[in-house]
1. Out of all the residues in segment A:44-66, is one or more within 12 Å of DNA strand D (Cβ to nearest atom), more than 16 Å from B:ARG53 (Cβ to Cβ) and surrounded by 16 or more Cβ atoms within 10 Å (Cβ to Cβ)?
2. Taking the condition modelled with pLDDT of 85 or more, open to solvent by 60 Å² or more (accessible area, probe 1.4 Å) and aliphatic (A, V, I, L, M), does B:VAL142 pass?
3. For B:ALA197, work out the one condition from (1) modelled with pLDDT under 95; (2) farther than 18 Å from A:GLU155 by Cα it doesn't fulfil.
4. Please identify the pairs in which a residue from segment A:137-150 that is assigned by TED's automatic domain parsing to the domain that holds A:ALA105 has its Cβ atom under 7 Å from the Cβ atom of a residue that is at pLDDT 90 or above and hydroxyl-bearing (Ser, Thr, Tyr), counting only partners at least 6 apart or on another chain.
5. If we keep just the residues of segment B:16-43 that are open to solvent by less than 40 Å² (accessible area, probe 1.4 Å) and more than 9 Å from every other protein chain (Cβ to nearest Cβ), which is nearest to DNA strand C (Cβ to nearest atom)?
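The values are calculated or read from the model by the stated rules, or taken from the named source; none is laboratory data. What you see is a predicted model; the values in this text were computed from it and never measured. Neighbour counts run over all protein chains shown; Cβ positions are idealised from the backbone, glycine included. In case anyone asks, the SASA skips ligands and DNA or RNA and just uses the protein heavy atoms, side chains included. Shrake-Rupley method; radii C 1.70, N 1.55, O 1.52, S 1.80 Å.
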2 protein chains.
Amino acid sequence: MTAQTSLTSRLADEIVDLIVDGGLRPGDALESSRALAQRFEVTTPTVREALRRLEATDVVQFRHGSGTYVGAGFERRMVVNQHAGRDSIEELIATRLLLEPSIAAEAARCRTDVDLEVLEGALTNALTPQRGDERPALHFHVAVAAATGNRLVAETLEALLHLRSREQVQIRHRYDDRERDHAEHEQILEAIRVGDADRASELTSSHLQSIRDVLVDGSAGKGAK
Amino acid sequence: MTAQTSLTSRLADEIVDLIVDGGLRPGDALESSRALAQRFEVTTPTVREALRRLEATDVVQFRHGSGTYVGAGFERRMVVNQHAGRDSIEELIATRLLLEPSIAAEAARCRTDVDLEVLEGALTNALTPQRGDERPALHFHVAVAAATGNRLVAETLEALLHLRSREQVQIRHRYDDRERDHAEHEQILEAIRVGDADRASELTSSHLQSIRDVLVDGSAGKGAK
DNA sequence: GTCACGAAAGTGACTAGATCACTTGATGAC
DNA sequence: GTCATCAAGTGATCTAGTCACTTTCGTGAC
């Protein structure tokens with residue numbers, strides 16, 4: 001049960017731990033590949049695989065002939081992977097509450113007929129339980145962002161929702177009022193359809209607020225599990 | 001001149017090209033490691049390093065014993081690395097225009113005295129030309145996002161500005177009216193200081209709009225360099 | 001004393017050829 | 001028809017190196 005994950009994955013995590021424990025900051029040098037290989041009792045190619053993975057998000061940087069150094073992505077990782085307490089979930093909802101109303105308003109202004117079809121599709125998909133299908137059913141809120149016609153907006157929101165995806169499941173577990181969820185989504189869609197930006201914004205805001213309320217009440221009133 | 005970059009980096013790019021050229025979509029299988037190694041005339045550990053790098057952003061996924069598959073991150077990469085034309089810069093500005101006014105408003109509501117000091121620091125740093133110092137001077141707009149007290153908001157905006165960082169330099173090159181930039185930042189800061197959310201939002205909006213205008217005029221009027 | 005040069009040590013980059021572990025699909029017994 | 005079995009394909013990792021680059025530090029010229 002310790003780990004179904006690969007040796008390389010664990011290794012990457014352990015290297016991050018090493019950076020944390022050592023109090024290293026961006027710019028500081030890590031141990032050499034060979035030293036790391038010895039420390040973790042693996043071979044250098046394996047260490048390098050783990051480091052490459054970390055390099056991709058700039059957690060570490062290679063400098064040929066010089067050494068391996070902590071990169072700026074390290075601190076970013078610390079923020080992103082912060083312990084998944086209630087704070088981080090509330091932080092996520094707060095962020096969405098800040099950004100999504102504007103996005104919904106813009107969607108109401110810019111949406112095309114095709115966007116509307118996609119939104120309707122996302123809405124019906126949400127009701128049918130996930131099939132064995134690979135496609136994880138386009139998230140309604142991402143579909144709204146896509147309806148702005150700006151791919152970067154959609155991408156940003158998707159990245160945001162992808163974060164803390166585990167906690168998002170928790171939210172759904174609590175906020176299990178599917179009918180209400182669907183009804184609110186439908187209202188938002190209607191506002192976008194008729195191009196009422198203000199109403200789309202307000203509805204999105206109150207929708208997220210109600211989710212937040214459930215969350216806060218739940219954490220205050222309910223015990224574990 | 002062909003490439004100062006490492007073999008692994010080039011290899012990662014070439015594998016992505018291979019996915020693109022092959023018309024592969026998320027879920028499709030890649031060639032085996034051995035086949036890739038043969039194709040590119042490198043050894044398997046090298047291929048694996050390149051693949052690990054791509055795995056970090058979910059461009060590919062490993063399935064032990066089964067194969068290597070294209071992941072959801074592939075399409076994301078396509079969006080992020082789309083050819084850096086004017087469209088993508090305008091898209092970025094449009095996104096910022098959509099998100100940052102709300103953030104500035106929230107900052108005006110939530111900022112602490114410490115946040116104000118940080119903002120002032122970011123403002124003066126922007127005027128002094130970059131020193132040899134490693135720290136790349138906290139971006140004013142990121143500092144505003146941080147003043148919301150929500151780390152996730154700051155992180156999101158930072159990620160956004162980090163994208164297309166090359167093009168951002170272009171923008172600065174055109175929008176070289178440092179004094180005006182600084183003056184507008186100062187106005188925004190003042191609104192945040194006194195807690196005027198509406199004004200902070202409006203000022204941010206007009207600030208970004210003026211940047212966009214310069215950009216659009218520049219692209220229409222000016223030739224290359 | 002100062003500074004250019006250059007060898008040596010340390011480090012990452014990559015090679016070469018294996019072995020082990022897991023998945024998958026075909027085969028064959030029941 | 002169903003299910004256990006097995007073999008081929010693939011990823012995961014190892015062993016044991018060589019090559020290329022950077023940094024350092026000592027040497028010697030000035």
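1. No.
2. On the way: modelled with pLDDT of 85 or more: yes; open to solvent by 60 Å² or more (accessible area, probe 1.4 Å): no; aliphatic (A, V, I, L, M): yes.
No: the conditions fail for B:VAL142.
3. Exception for B:ALA197: condition (1).
4. A:ASN150/B:THR95
5. Step by step, filter segment B:16-43, then rank; the result is B:VAL42.
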